[in-house]
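J.: Right, I'll just put the structure down here and ask away after.
Nothing in this text is a laboratory measurement; each read-out follows from the coordinates by a stated rule. Bear in mind that the values here come from a model prediction, so they are computed numbers and not experimental data. Positions of Cβ are generated from backbone atoms using ideal geometry, with glycine treated the same way; all protein chains shown enter the neighbour counts.
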Amino acid sequence: MQHALEGSQALARAVSLCRPQVIAAYPITPQTHIVENLSRLVADGELDCELVSVESEFSAASVVLGAVAGGSRAYTASSSQGILLMAEVLFNIAGLRIPLVMTCANRALSGPLSIWNDQQDSMAVRDAGWVQLYCTSNQEAVDTTIQAYRIAELCELPVMVCVDGFTLTHTLEVIDLPESEQVDRMLPEFRFERALDPLNPISIGTLVSPDYFTEIRYSHHSALLEALPVIEQAAQEWQAISGREQPALLRCSGPEQARIGILTLGSVAGTLEAALELYTDEPATRLIALRSFRPFPSAALQVACEGLTDLVVLERAVCPGSGGILGSEVRAAFSEVADAPRVHNFSVGLGGRDVPLDIYPRLHAALRNGDGLPYAILDLEPERLPASA
Amino acid sequence: MNETSDNNPLRELRKLQPRFSGMESGHRACLGCGEALAARLVTEAAGPDVIYANATGCLEVFTTAWPESAWRVAWMHSLFENAAAIAAGMEAALKRQGKATRVIAMGGDGGTFDIGFQALSGMLERGHNVLYVCFDNEAYMNTGIQRSGSTPHAAATTTSPAGKLRMGKRHLKKDIVTIVAAHHIPYAATASVAYPSDIRKKVRRALAIDGPTFLHIHSPCPLGWGHDGSLSIEVARLAVQTGLFPVIELERGGLAGVMPIRELRPVTDYLAIQQRFRHLFADNARAREELEHLQALADHNIEFYQLRGTHPDTRDTEGADTVTRGGMRWA
Amino acid sequence: MRQRDNKTSILGNYSDMIEIRIHGRGGQGNVVAAYLLATAAFEVGRHVQAFPNFGAERRGAPVTAFVRIADRPIRRRCQVQHPAWLIVQDENLLHLPDITTGLLDGGAILVNSTRADAELSQELGCPVVALPATRLALDVLGRPVPNTALLSAFLALTGLLPQDALISALGARFRGEILERNRALIEQAAARVPAGAWQEPEHAARA
């Protein structure tokens, strides 16, 4: 049913529909409204679960790890500094193949301090071994959260649902919330095969010598690669149940004959879609909104880029001392592909700087100018700094 | 820098104590912010020859919107959980360099009771010569009023709301000052913004001591507690006068001083003027039960710390901020 | 100020999207105002989007909120740069240099103020309607929160949505006496401004 809801509010309802038994909550801007809404649902008896108000994000991640090991479906959410503080646990969760879903409300990283939206936080933990799915709208955030539990529990992998902080979490828009019965059809009761059980005792998290480590790490890597078809399958399943079209690994839009493509992660896709329709003087452009960043969908991306001569990778993160992060991965994915598009890499919107509609013509101009070879920050304005800085 | 030379800038700066203004006005705190007042008093009393390590929270956010800063002292903000560890590092460096400059760590209740607890415990245990000041507004206020380990029992916050099933925060307020004192540190004390002279005295007392010291300052947040900014001092005073926030001093874990309560007030006087406790005044048995719990907590403090003075005392809850001429409240 | 020209404007035909910017201070219910306006529009079947732009949360700090109302799904996520109208909840914000930036030609401003319309219009160089919203709210609700009164006046001026839609949106947040008082406030505020004065043919929402 359709409602006008703030993104965080809708996410809290979506989580509630997934029937988690344990939620760990620690506040950090801009995720706070999610945990506040969940607290309200618990306080009013609408959500029956253990809501553990932990003392730090390190404990938030540890509590949900313990909860899943104990056999319960669990949830937590964080952003930015919280993601970094729990980083050790995130690697641990993934390496131990713990099925879990969390929301990352994407926010820039300190120092200096910023509370505003970019994607540096989830990028900083891209090697942790989690599935990472990026949402372009709050509807997608709701739908992806539900699918995430399915993916996590089928693959025995943790899933991070990335939702742009403020840009999505604090935006009110029209959202179709599913019915309880629909979510129950999608998500069977959680049965974790390796849950700690006195009747069938196992040891989790043991010391592994060089004799076995490679094979175990490889099994994690291949599990992530095998998640690619599961992500597609979950999208199809939820599409059938919800009646709404669901993107799987990525979503393309724009004219068939386009030779230029723009690849993005997250909500900036919406702005680009709107711009594409307004700036009709610019060359035909294909927009590719990448949904799955981990596992990295090389094959799907290659198919999506067929016929393109140039691909602009536009990201809201940067690797200081190197350049773009998504850009590097895209270039790597095309390195052995014949007739691969030329990759132009730009960062934009760091630390929450607004990405306006005219980013689209500016991108095309920068493309023609070769500014993104290899990398540039598109919206850099050095004259903003005070003279003495 | 040669301490004995005639044109020594540090010596000149030290002469400015105690009128030194360490935190300037023009910052962006809310009207009636208890923490802003407490921080100003601390920096004033501590003087210029100090460097500060500040945890993430309201204080560092409202004082430092780049390119402006309200701080006239050397000051650093790193992260939420590490103020005590940063301070420990600063102290170690200054010690190694043979400097007399002091180090003060500042954190809110979130950065002290919860996420910064580990770093605090480590700093105390290792005996660093650092004063740690906790500005306690009893919730994560900077992020929008979420509960912390310092939130009092039954207080409503956004993550411990009062609802059909729950009556606000279920758990008790962590007794941070006795936990800190259990590290055998030379001096740990509580204070309240309702008694500014007492705060200044305690800051100077702590800085005169060698070793880790701790000051826990009760600081109302009008937005989070739900009262008008003009009532912050009155609210803080009532917390003390009811016994809910005892003003005490502990030396090496033993009780060394209390601010006696001259006129004891019932907890309802304190609770009734704050929106975060309004669910306790509903007409039902659970609300009444919670009020009894809170009164019992206050009664326990009064007995445990012997908070009832037997004679009027210039250091008690009436004398500590009243000038005897005309009985005017001034500190 | 930007030319509003349906034929050649690179920002397209304004009859399918209206953008509004709301300026206020933390604690004045600025963001709630944006959400309420969007919710009210949703109640009458429009596509909507509303979001804030603020610094760290603090009472009294300037906060801007944006609202988009359209007949098609709204996909852009950028801040509103070319609002058709401004709602200003605190008249002291009128002195900020950026306050009227981007306001479309023919755009207008509704300000929470006890000053005269003509005086403010002259100062700002565009049509301004002033409403003593804080005073009205104090009288009727007993609380100095200007947002409901301003929204009601805004709807009356623009004819964008019926007042009922606003009441319906408020009904999700308030009940009983408070809702009734809000209803009274809505009526009083609407009566204070010239109904339909800002109604543009290409903007009229068929409610």
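J.: Quick check on chain B: helices-only [θ] at 222 nm, where DSSP H runs of length 4 and up contribute -39,500 (n - 2.57) each and the sum goes over total residues. Nearest 500, please. Please report the intermediate quantities before stating the final value.
T.: On the way: 11 runs with 106 residues, N = 331.
The helix-only estimate for chain B comes to -9500 deg cm²/dmol at 222 nm.
J.: Let me ask another. Hey, got the average number of other protein chain Cβ atoms within 10 angstrom for residues in B:135-147? Write out the running numbers ahead of the final one.
T.: Working: counts 0, 0, 0, 0, 1, 5, 2, 6, 12, 7, 4, 9, 4.
Average neighbour count from other chains, rounded to a whole number: 4.
J.: If only Cα atoms are counted, what is the Rg of region B:218-331, and what is its Dmax, in Å?
T.: Gyration radius and largest Cα-Cα distance of region B:218-331: 15.3, 47 Å.
J.: Tell me the mean residue ellipticity at 222 nm calculated for chain A from its helices only (DSSP H runs of n ≥ 4, each -39500 (n - 2.57), averaged over every residue, nearest 500). Walk me through the intermediate numbers first.
T.: Working: 13 runs with 151 residues, N = 389.
Computed ellipticity for chain A at 222 nm equals -12000 deg cm²/dmol.
J.: For each of A:280, B:112, count neighbouring Cβ atoms within 10 Å of the residue's Cβ, then give the residues from fewest to most.
T.: A:280, B:112
J.: Another question about this same structure. Could the peptides B:52-59, A:226-233, A:208-215 be put in order, highest first, of the mean number of other beta-carbon atoms found within 10 Å of their residues?
T.: On the way: B:52-59: 26.9, A:226-233: 17.8, A:208-215: 8.9.
In descending order of packing, they fall as B:52-59, A:226-233, A:208-215.
J.: Translational D (Stokes-Einstein, µm²/s) of chain B at 20 °C and 1.002 mPa s when Rh comes from the Kirkwood sum over C-alpha pairs? Present the calculation step by step, with values, prior to reporting the outcome.
T.: On the way: Rh = 20.3 Å.
Estimated diffusion coefficient is 106 µm²/s.
J.: Now for a separate question. Once you've got the Cα coordinates, tell me which of B:95/B:174; B:173/B:202; B:169/B:202; B:95/B:202; B:95/B:173; B:99/B:201 are over 27 Å apart. Display every interim value, and only then the final one.
T.: On the way: B:95/B:174 33 Å; B:173/B:202 23 Å; B:169/B:202 31 Å; B:95/B:202 23 Å; B:95/B:173 36 Å; B:99/B:201 24 Å.
Beyond 27 Å between Cα atoms: B:95/B:174; B:169/B:202; B:95/B:173.
J.: Working from the alpha-carbon coordinates of chain C, get Rg over Rh, Rh being the Kirkwood radius. Walk me through the numbers before you get to the answer.
T.: Numbers: Rg = 15.8 Å, Rh = 16.9 Å.
Radius of gyration over Kirkwood radius for chain C works out to 0.93.
J.: Taking amide H positions as placed in the peptide plane 1.01 Å from N, state which residues far from residue A:164 in sequence (5 or more) or on other chains have amide H under 5 Å from it.
T.: When sequence neighbours closer than 5 places are left aside, the close amide H contacts are A:106, A:135, A:267.
J.: Over 35 Å, how big is the tail of the calculated P(r) for the protein assembly as shown, in percent of all Cα pairs? Don't skip to the end; give the middle numbers.
T.: Numbers: 242519 of 429201 pairs.
Value for the protein assembly as shown (Cα pairs over 35 Å): 57 percent.
J.: Which order do the peptides B:312-318, A:121-127, A:9-15 come out in when sorted by mean C-beta neighbours inside 10 angstrom, highest first?
T.: Numbers: B:312-318: 16.0, A:121-127: 20.3, A:9-15: 25.4.
Listed from highest to lowest mean packing, they are A:9-15, A:121-127, B:312-318.
J.: Further question: Using a 10 angstrom cutoff on alpha carbons, build the Gaussian network for chain A and name the most mobile of A:202, A:241, A:28.
T.: The residue that fluctuates most here is A:202.
J.: Moving on. Could you give log10 I(q)/I(0) at q = 0.11, 0.15 Å⁻¹ for chain A, computed by the Debye formula over C-alpha point scatterers of equal weight, without solvent?
T.: The Debye formula, applied to the Cα set alone, gives -0.77, -1.40.
J.: Summing +1 for each Lys or Arg and -1 for each Asp or Glu, what net charge is found among the other residues whose Cβ lies under 11 Å from the Cβ of residue C:183?
T.: On the way: positive: C:181; negative: C:164, C:177, C:180, C:187.
Neighbourhood net charge equals -3.
J.: Mind pulling the angle between the C-alpha long axis of helix B:196-207 and the longest principal axis of chain B? Nearest 10 degrees, somewhere in 0 to 90.
T.: Compared with the principal axis, the helix lies near 50 degrees.
J.: Under the definition of partner shielding as Cβ atoms of other protein chains within 10 Å of a residue Cβ, what is the mean value for peptide A:54-63?
T.: Working: counts 3, 11, 8, 3, 3, 2, 0, 0, 0, 0.
Mean number of neighbouring Cβ atoms from other chains: 3.
J.: Using all alpha carbons of region A:148-205, what is the percent of pairwise distances in each 10 Å bin, ordered from the shortest bin to the longest?
T.: Distribution as computed: 16, 30, 33, 15, 6 percent.
J.: If you don't mind, another one. Would you kindly derive the ³J(HN,Hα) couplings of region B:98-105 from the backbone phi angles with the Karplus curve 6.51 cos²θ - 1.76 cosθ + 1.60 (θ = phi - 60°), listing them in order in whole Hz, with x for Gly and Pro?
T.: Whole-Hz 3J(HN,Hα) from phi for region B:98-105: x, 9, 8, 4, 8, 10, 10, 9.
J.: Further, regarding this structure: Taking each residue in B:66-72, count the Cβ atoms of any other chain within 10 Å of its Cβ, then average. What number comes out?
T.: On the way: counts 4, 4, 0, 0, 0, 0, 0.
That works out to 1 on average.
J.: Find out how many positive minus negative residues lie around residue A:326, taking Lys and Arg as positive, Asp and Glu as negative, among other residues whose Cβ is under 11 Å from that of residue A:326. Write down the numbers at each step before the final one.
T.: Details: positive: A:126, A:316, A:331; negative: A:315, A:329.
That sum, taken over residues with Cβ under 11 Å, equals +1.
J.: Separate question: What angle do you read, to the nearest 10 degrees and between 0 and 90, between the alpha-carbon axis of helix A:268-278 and the longest principal axis of chain A?
T.: That works out to roughly 40 degrees.
J.: May I pose another question? Which residue, A:307, A:352, A:205, tops the fluctuation ranking in a GNM of chain A built on C-alpha contacts under 10 Å?
T.: A:205
J.: If you don't mind, there's one more thing I want to ask. Would you mind computing Rg(Cα) / (2.2 N^0.38 Å) for region A:203-307, counting N as its residues?
T.: Values: Rg = 18.7 Å, N = 105, 2.2 N^0.38 = 12.9 Å.
It is 1.45.
J.: Oh, and also: State, in angstrom, two size descriptors of region A:252-384 derived from its alpha carbons: Rg to one decimal place and Dmax to the nearest whole number.
T.: Reported Rg and Dmax, both Å: 13.8, 43.
J.: I would also like to ask the following. Which aspartates and glutamates does residue B:164 reach when only Cα atoms under 18 Å apart count, and residues fewer than 8 places away in its own chain are ignored?
T.: Answer for residue B:164, where 18 Å is the Cα cut-off: A:36, A:44, A:46, A:48, A:50, B:283, B:289, B:290, listed by chain and number.
J.: From the residues B:273, B:239, B:259, which one has its Cα farthest along the dipole of region B:200-287 in the positive direction, the dipole being from +1 and -1 charges on Cβ of Lys/Arg and Asp/Glu about the Cα centre?
T.: Of the candidates, B:259 comes out farthest on the positive side.
J.: Name the residue farthest towards the positive end of the dipole of region C:44-162 from the options C:133, C:84, C:122, assuming +1 on Cβ of Lys and Arg, -1 on Cβ of Asp and Glu, about the Cα centre.
T.: C:84
J.: Please report the net charge: other residues with Cβ closer than 11 Å to the Cβ of residue A:126, K and R +1, D and E -1. Could you put the intermediate results ahead of the total?
T.: Numbers: positive: A:294; negative: A:121, A:127, A:329.
Local net charge: -2.
J.: Something else about it: Output the 0 to 90 degree angle, nearest 10, between the alpha-carbon long axis of helix A:57-69 and the longest principal axis computed from the alpha carbons of chain A.
T.: Computed tilt is about 50 degrees.
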